[in-house]
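Accompanying notes for the structure given below.
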There are 2 protein chains.
Amino acid sequence: MMKIPHRIYLTEDQMPKQWYNLRADMKELPDPMLNPKTYKPATEEDLYPVFCTELAKQELDNTTCYIDIPEEVQEFYKMFRPSPLIRAYNLEKALGTPAKIYYKYEGNNTSGSHKLNSAIAQAYYAKKQGLTSVTTETGAGQWGTALAEACSYYNIPLTVYMVKCSYEQKPFRKSIIETFDGKIVPSPSNTTNVGRAILKADPTTSGSLGSAISEAVEKAVTTEGCRYVLGSVLNQVVLHQSIIGLESKIAMEMIDEYPDVVIGCAGGGSNLGGLIAPFVQDKLTGKANPRIVAVEPASCPSLTRGRYAYDYCDVGKITPLARMYTLGCSFVPSANHAGGLRYHGMSPIVSKLYHDEYMEAISVEQTKVFEAATLFAKQETILPAPESSHAIYGAVLEALKCKETGEAKTILFGLTGTGYFDMMAYEAYLKGTMKDYIPTEKDLEKGFSELPIIPKN
Amino acid sequence: MMKIPHRIYLTEDQMPKQWYNLRADMKELPDPMLNPKTYKPATEEDLYPVFCTELAKQELDNTTCYIDIPEEVQEFYKMFRPSPLIRAYNLEKALGTPAKIYYKYEGNNTSGSHKLNSAIAQAYYAKKQGLTSVTTETGAGQWGTALAEACSYYNIPLTVYMVKCSYEQKPFRKSIIETFDGKIVPSPSNTTNVGRAILKADPTTSGSLGSAISEAVEKAVTTEGCRYVLGSVLNQVVLHQSIIGLESKIAMEMIDEYPDVVIGCAGGGSNLGGLIAPFVQDKLTGKANPRIVAVEPASCPSLTRGRYAYDYCDVGKITPLARMYTLGCSFVPSANHAGGLRYHGMSPIVSKLYHDEYMEAISVEQTKVFEAATLFAKQETILPAPESSHAIYGAVLEALKCKETGEAKTILFGLTGTGYFDMMAYEAYLKGTMKDYIPTEKDLEKGFSELPIIPKN
């Protein structure tokens, strides 16, 4: 039998030329986004002031199964893709598991994560439309770095609202974004109405993705020739990220493998939705039935403890309403080190799949996540991002189950990125000063109590 | 005509199974290492107290042309190798050059550089010999990280003497080395006699690789079951790093290319020696005649302004003497941001090749290096290490010459690593506070005046 290589790469010819739009295959669609003023389903026109025209179309396209990746974007992808599918031989050995563990590794680019997949697409459409600037938010800083790279490539001025606690935890993220000509504003800030309001209510707030989004959107809609771009949650982002799952599936086919279980970390759902897309397609079309598992932080448990309800995507309540698993847009997650997962809601696509029981979800405390991260780093020589390490934890859990049962299952997980800018978190873990935060029922009830009430039409 | 892909990967089967020992093909050998007490050529026995037995053998082996890579090391290599050979299409376009630019990218592993190639080999031999601990020094921190990864894999306790100015510039290097169980001591320190002597002479010294080496060697030879391992300069390291050049050559053959010029950054010579090895072989055997160019920092110009003389490899004068291009072991380079290139000497192999005119060398100020680095990052989406960026500068220079002459030369350079732990340097460059340091003739004369006098036998 051929030994499976450690790293499986597609050739350029094998790389996907289209993104896969999961919605076109779903039995039931996610509920439509609502205009926050009329509570009617948002139209393309509603979205034009916020998003690029082409991206607004992708956001609402529930029918086109495959969407062409523009040639320029394909060319850019070739600078950092295909990303490798890696067989975790050493991790398997260290765990003593009969399971076969594979991971799709998206960290081999300077943004340090999968975020560049969507960033370059969004920058491309912005350039094509002749926009003169864009805004965004960033949590952990990976999205901000990715978008700065993409915007610098297309010479589009970029302002990044960076969640304040990440800004303080990761001083060098600022420098790298600035190296790519991005401008950083710690959020909440005094540069927007919504930022000023948040600061007035709580001057010491550590910020959140939700409030940074509000600021970036406000800035975009009040600036001529400017639009807002987002690194997660949205349908368009899950669409672009389908490249992860598509490549993974082809790579597994090359070695005659198929996953019994697919595991992703869950924040806003961009990596998760992209990774699982073609495998969920197999479930929807009856071709295969892999288990799908989301792993989220116990400190921000939108799937496992949230409500499936219409909510704002931001704290300032200026975005359209989306039906999703949410902790309430006013919920402020603790300053967990996995900044990229500190979001109150979840991609409507992922939420619907979870609601309809196509997938499972678990939550985990960050000290356990760093334990898995450190084990992984020593065995596989890659220092993982805290976000990604949630998926490692999930994979280790499955592999240890296999050890008990003796089953040689095939596990696929998404290793979304590297932790080189997260050394303060690793330091806290090593020193034993890292704390776990689990919201109380009261914390959650407070968030839920502010969920918007949607009038029946 | 087939379009050359952006990234060329060898398959696992194509990966080299032997390192190439350039010395076996050299017309004239580098002068032998000398025992610092007897001034006689060092024997294996002389080296045993300092180095692992197998590595001492490799150090003195001038005749075996190809040396088997142990199977365990080959397996470990497969976790992060083959590294890609990348066609810099975007950089070419930005420069408007007819030249074809390729780079061998060694930064896609957690150590952030090529250093892991030799680290895992050295840790393997240490384990095989049953050593109970090892010591080393690190400048930029890449070697320290690489060795920590390798030692953690084999459960060998490691102490890293880190050059003080790097320790201060790169706080997160400490955390990452500690994540892999390495112990860090800023050097010069009070833990060794030589460290105490250096501190007494100059309490405010920012340290240097030379003094960190002295401390690590002293610690190794005075500790039971301990040996010293080194990330550059030595013949054994150049041997292990030949994997870079061997893979590059195979990858270029796959696309029917051969370099007109091969460019590497030059510090101690580990990457440079490894990258150029098989191309120098072609020169030595008359198969081809590519130009070979070393690029070194103007602040530490051992090749371009040094003397070809016997000198100590360390500041404390406890190592054997090597004939090499040197600024004198007492020369303390300025706190240049390319910490990995702040070394007074140069690999004896590289020195001999330069002396015998098989290669050229240029030096460059760091602000120019960062200009090249930033240009490269924006075009190629990889944030390069300051060390590696010296080679980028050299490649850009060659490409611009081609633009003038209209020649479509094939340029190959070594991109040794990433700059994620060098953000303070990028920040200084962005702010315009980065300074250039060029030693005066007087600075150099001082270093030369302390060169050892070797008695004629």
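Since every read-out is calculated from the coordinates, none of them should be taken as a lab result. As the structure is a prediction and not an experimental result, all values here were calculated from the model. Here the Cβ positions follow ideal geometry from the backbone for every residue, glycine too, while neighbour counts run over all protein chains shown.
Sorted by mean Cβ packing within 10 Å, highest first, what order do the peptides A:336-347, A:202-213 take? Can you show the working numbers first?
Working: A:336-347: 28.7, A:202-213: 23.2.
Order by mean packing, descending: A:336-347, A:202-213.
Starting from the exponent 0.38 and prefactor 2.2 Å, build the expected Rg for segment B:265-404 from its residue count and divide its actual Cα Rg by it. Walk me through the numbers on the way to the answer.
Numbers: Rg = 15.4 Å, N = 140, 2.2 N^0.38 = 14.4 Å.
Normalised Cα radius of gyration, segment B:265-404: 1.07.
Calculate the dipole size of chain B relative to its Cα centre from +1 charges on Lys and Arg beta carbons and -1 charges on Asp and Glu beta carbons; express the result in debye to the nearest 20.
Working: 46 positive and 52 negative charges, 108 e Å.
So the dipole magnitude of chain B works out to roughly 520 debye.
Which loop trypsin sites (Lys or Arg not before Pro) in segment A:1-96, with loop taken from DSSP, have no more than 16 other Cβ atoms within 10 angstrom of their Cβ?
Numbers: sites: A:K3, A:R7, A:K17, A:R23, A:K27, A:K37, A:K57, A:K78, A:R87, A:K93; in loops: A:K3, A:K17, A:K27, A:K37.
Listed in order of number, the matching sites are A:K3, A:K17, A:K27, A:K37.
Where the centre of each part is set by its Cα atoms, how far does segment A:402-417 sit from segment B:44-72, in angstrom?
Rounded to whole Å, the Cα centres lie 40 Å apart.
Give the relative contact order (percent, whole number) for segment B:373-432; include only Cα pairs under 8 Å separated by 6+ residues.
Working: 50 pairs, mean separation 22.7, N = 60.
Relative contact order comes out at 38 percent.
Would you kindly give the portion of the calculated P(r) for chain A that falls above 40 Å, as a percent of all Cα pairs? Intermediate results must be reported in sequence, preceding the final value.
On the way: 11476 of 104196 pairs.
Tail fraction, whole percent: 11.
How well do other chains shield peptide A:171-180, expressed as the mean number of their Cβ atoms within 10 Å of each residue Cβ? It would help to have the intermediate numbers written out before the result.
Working: counts 5, 9, 1, 2, 11, 7, 0, 5, 12, 5.
Other-chain Cβ atoms within 10 Å of each residue's Cβ, averaged: 6.
Given the C-alpha centroids of segment A:83-152 and segment B:166-204, what is the distance between them in whole angstrom?
Cα centroid of segment A:83-152 versus Cα centroid of segment B:166-204: 35 Å apart.
Compute the distance from the alpha-carbon center of segment B:329-387 to that of segment A:233-297, in whole Å.
For segment B:329-387 versus segment A:233-297, the Cα centre distance is 43 Å.
Assigning unit charges at the beta carbon (Lys, Arg +1; Asp, Glu -1) and nothing else, what dipole magnitude in debye, to the nearest 20, does segment A:208-299 show about its Cα centre?
Numbers: 6 positive and 10 negative charges, 39 e Å.
Its charge dipole is roughly 180 debye.
With 24 Å as the limit, write out which pairs from A:K164/B:K431; A:K104/A:K401; B:K57/B:K164; B:K128/B:K219; A:K115/B:K435; B:K93/B:K368 have Cα-Cα distances beyond it, or answer none. Working shown, then result.
Working: A:K164/B:K431 22 Å; A:K104/A:K401 21 Å; B:K57/B:K164 32 Å; B:K128/B:K219 21 Å; A:K115/B:K435 35 Å; B:K93/B:K368 20 Å.
Table pairs above 24 Å Cα-Cα are B:K57/B:K164; A:K115/B:K435.
Please go through segment A:387-457 and write out the trypsin sites (Lys or Arg not before Pro) that DSSP classes as loop and that have at most 16 other C-beta atoms within 10 Å. Mind showing how you got there, number by number?
Numbers: sites: A:K401, A:K403, A:K409, A:K431, A:K435, A:K442, A:K446, A:K456; in loops: A:K409, A:K435, A:K456.
Answer in residue order: A:K435, A:K456.
Roughly how crowded by other chains is peptide B:251-263, in terms of the mean Cβ count from those chains within 10 Å of each of its Cβ atoms? Walk me through the numbers before you get to the answer.
Working: counts 0, 0, 0, 0, 0, 0, 0, 0, 0, 0, 0, 0, 0.
That works out to 0 on average.
Between rounded, prolate and oblate, where does segment A:101-240 land on the alpha carbon gyration tensor, with a ≥ b ≥ c its root eigenvalues, rounded for a/c under 1.5, else prolate if a/b exceeds b/c?
Working: a/c = 1.70, a/b = 1.23, b/c = 1.38.
Note, shape of segment A:101-240 comes out oblate.
Residue farthest toward the positive end of the dipole of segment A:319-457, with Cβ of Lys/Arg at +1 and Asp/Glu at -1: which of A:L397, A:H337, A:L375?
In segment A:319-457, that residue is A:H337.
Assuming R0 = 35 Å, what is the FRET efficiency of A:K3 and B:A201, from their Cβ-Cβ distance, to the nearest 0.05?
Numbers: r = 57 Å, r/R0 = 1.62.
Result of the calculation: an efficiency of 0.05.
Sum -39500 (n - 2.57) across every DSSP H segment of at least 4 residues in chain B, then divide by the residue count to get the 222 nm mean residue ellipticity, nearest 500.
Details: 18 runs with 191 residues, N = 457.
Calculated from helices alone, the mean residue ellipticity at 222 nm is -12500 deg cm²/dmol.
With an 8 Å cut-off on Cα pairs and a minimum separation of 6 or more residues, tell me the relative contact order of segment B:230-317 in percent. Before the final figure, lay out the partial values.
Details: 93 pairs, mean separation 26.0, N = 88.
So the answer I get is 30 percent.
Could you grab the relative contact order for segment A:176-302? Cα pairs under 8 Å, six or more apart, rounded to a whole percent. Intermediate results must be reported in sequence, preceding the final value.
Values: 136 pairs, mean separation 22.6, N = 127.
It rounds to 18 percent for segment A:176-302.
Test of understanding: ordering B:E12, B:E224, A:E445 by Cβ neighbours within 10 Å, fewest first, what list do you get? All intermediate terms of the calculation are to be shown ahead of the outcome.
On the way: B:E12 16, B:E224 6, A:E445 11.
Ranked by crowding around the Cβ, least crowded first: B:E224, A:E445, B:E12.
Any idea what the dipole of the protein assembly as shown comes to, in debye rounded to 20, about its Cα centre with Lys/Arg Cβ at +1 and Asp/Glu Cβ at -1? Working shown, then result.
On the way: 92 positive and 104 negative charges, 180 e Å.
Dipole about the Cα centre, nearest 20: 860 debye.
Averaged over B:3-14, how many beta carbons belonging to a partner chain fall within 10 Å of each residue's beta carbon?
Working: counts 1, 1, 5, 8, 8, 0, 5, 0, 3, 5, 1, 0.
Other-chain Cβ atoms within 10 Å of each residue's Cβ, averaged: 3.
Only counting other Cβ atoms within 10 Å, I'd like B:S83, B:S270, B:S175, B:S133 sorted with the fewest neighbours first.
Values: B:S83 24, B:S270 30, B:S175 21, B:S133 18.
Ranked by crowding around the Cβ, least crowded first: B:S133, B:S175, B:S83, B:S270.
Tell me the trypsin sites (Lys or Arg not before Pro) within segment A:160-266 that lie in a loop according to DSSP and have at most 11 other beta-carbon atoms within 10 Å. Intermediate values should be presented prior to the final figure.
Values: sites: A:K164, A:R173, A:K174, A:K183, A:R196, A:K200, A:K219, A:R227, A:K249; in loops: none.
Those that pass, being in a loop and sparsely packed, number zero.
Using +1 at the Cβ of each Lys and Arg and -1 at the Cβ of each Asp and Glu in the protein assembly as shown, identify which of A:G96, B:G286, A:I454 lies farthest towards the dipole's positive end.
A:I454
Could you please rank A:H114, B:H240, B:H355, A:H6, placing first whichever residue has the fewest other Cβ atoms within 10 Å of its Cβ? The partial results should precede the final answer.
Working: A:H114 31, B:H240 28, B:H355 17, A:H6 21.
Fewest-to-most ranking of A:H114, B:H240, B:H355, A:H6: B:H355, A:H6, B:H240, A:H114.
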